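Written below as structure tokens is the structure these notes are about.
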Amino acid sequence: MLQRFFIFCSGADSDILETCSKGEQNKYVGIGATVFFTAVMAFIASGYALYTVFDNIYTSIFFGFIWGLLIFNLDRYIVSTIKKRDSIKSELLQATPRILLAVIIAVVISKPLEMKIFEKEINQVLLEEKNAMTLANKEQLALQYTPKIERLNQDIVNLKNEIAAKEAETNALYDTYISEAEGTAGTGLLGKGPVYKEKREKHDAYLAELQQLKQDNGEKIRAIEAEIVALNADYSSAVNDSQPIIDGFDGLMARINALGKLPWFPSFFIFLLFLAIETAPIIAKLLAPKGEYDYKFEEGESVVATWVTQKVEQRKLLLSTDASMNQEIYEEIKSEEELHRYKKEKAEELLRLQADSFHNTQLKGL
């Protein structure tokens, strides 16, 4: 049962193989097994690749199975269409496009498995890229908010400087009227005279302005600080909203790019392994000498080709003969006077009938 299945996988004619030796049958069983297990590897590889896309095991298994059947059909077609010929060059010529197709299939099969084999290394590369993208994202978003926040902070500094300047002026007036009272400056007279009162009133006026300025600027500073807090909250919200996009940066294309950043040597040997598996049936058929199956298959093809050619030639000869006979028969008929006279009489009779019918039609019209 298993042997017949592998023979089916090889694309060989099972009826012809049954008449061949066991060794010949085993050769095609091996070719069919290679085709089958290549399709199984294609199913596993495509299933994993599709799982990274759909993130659903049932969808991945379904489409992976379809892909495995496609690869199986292609491999079976490639192997079954390679025929042994008498010239190595002609065999290589017919096998070249099939080998190119096998190379493409090997690449398609090997890449997903490479991603699975080097999954940890790929995850490390993706983690580094995600961290870099997170930092770059924060810097880009900061460009939208930092200038506004810096301008608002500068406004706060200006308001505080305004208070400090007013406070310095008030303190200077305080020192002035105290010195006047002590007699250490101004008029130099000890006591609270008219000059002292004047300077005290000026200080008190500045002090009242300072209190009002602190109250006004304090409200402005609190409003600006609230605006800064809102901008920081918007910035944090923008970072949090964009972070899931960065965290989801692990799709198929991202993993392929990450795989390309790893050392090429291990990936290259995995590709060579699958290339050897994929081209093994083709190479085996090219290297193997003509076997019993090849001779019998060629004999069957030659029988059919000879039979078809014979039928075509017979039809051509039959058509040519029939045309010649028809030509001769009609030439003989044309030369017979009795037939000519009979046809003339019938024609005259037909003309008389047509004339009578026309005459009767005209009479009815009158």
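A few notes on this one:
- Whichever residue in segment 198-224 is surrounded by fewer than 16 Cβ atoms within 10 Å (Cβ to Cβ) and in contact with a Leu (Cβ under 8 Å, 6 or more places away or on another chain) and, among such residues, is modelled with the highest pLDDT: LYS220
- Members of segment 228-263 that are among the charged types (D, E, K, R) and touching a helix residue (DSSP H, G or I) at 6+ places or on another chain (Cβ under 6 Å): ASP250, ARG255, LYS261
- Residue pairs meeting the criteria (Cβ under 8 Å; at least 6 apart or on separate chains; first closer than 21 Å to LEU74 by Cα and in contact (Cβ under 8 Å) with a residue 60 or more places away in the chain, in segment 34-58; second of a type outside the set (Val, Ile, Thr) and part of a loop (DSSP other than H, G, I, E, B)): VAL35/GLY11
- Residue in segment 150-164 that is modelled with pLDDT under 85 and farther than 30 Å from GLU227 by Cβ present: no
- Scope segment 322-366; condition charged (D, E, K, R) and at pLDDT 75 or above; matching residues: ASP322, GLU345, LYS346, GLU348, GLU349, ARG352, ASP356
- The residues listed here are LYS120, LYS138; of these, the one that is surrounded by fewer than 14 Cβ atoms within 10 Å (Cβ to Cβ), modelled with pLDDT of 75 or more, at negative phi and among the basic types (Lys, Arg) is LYS120.
- Taking every residue in segment 94-110 that is over 22 Å from ILE256 (Cβ atoms) and pairing it with any residue that is assigned to a helix (DSSP H, G or I), at least 6 positions away or on another chain, the pairs with Cβ-Cβ distances below 7 Å are ALA95/ILE282; ALA95/LEU286; ARG98/ILE78; ARG98/ILE282; ILE99/THR279; ILE99/ILE282.
- Any hit, segment 77-93, residues being free of Cβ contacts under 8 Å to residues at least 12 places away in the same chain, hydroxyl-bearing (Ser, Thr, Tyr) and touching a helix residue (DSSP H, G or I) at 6+ places or on another chain (Cβ under 7 Å): no
- Filtering LEU135, LEU141, LEU159 for residues that are in contact with a Lys or Arg (Cβ under 8 Å, 6 or more places away or on another chain) and assigned by TED's automatic domain parsing to the domain that holds SER237 leaves a single hit, LEU159.
- Single residue of ILE99, ILE78, ILE105 found to be under 22 Å from the mean Cα position of the chain (by Cα) and assigned to a helix (DSSP H, G or I): ILE105
- Filter result for LYS316 (over 24 Å from ILE82 (Cα atoms), of a type in the set (Lys, Arg) and surrounded by 11 or more Cβ atoms within 10 Å (Cβ to Cβ)): no
- So TYR51, is it of a type outside the set (Val, Ile, Thr) and touching a helix residue (DSSP H, G or I) at 6+ places or on another chain (Cβ under 7 Å): yes
- Qualifying residue in segment 63-82 (condition: under 20 Å from LYS290 (Cβ atoms), assigned by TED's automatic domain parsing to the domain that holds PHE274, among the small types (Gly, Ala, Ser) and touching a Gly at 6+ places or on another chain (Cβ under 8 Å)): yes
- Total residues in segment 267-324 satisfying the condition of being of a type in the set (A, V, I, L, M, F, W, C) and outside any helix (DSSP H, G or I): the figure is 1.
The values are calculated or read from the model by the stated rules, or taken from the named source; none is laboratory data. Predicted, not measured: the structure shown is a model, and the values here were computed from it. When we count neighbours, we look across all protein chains shown, and the Cβ atoms used for this are built from the backbone with ideal geometry, even at glycine.
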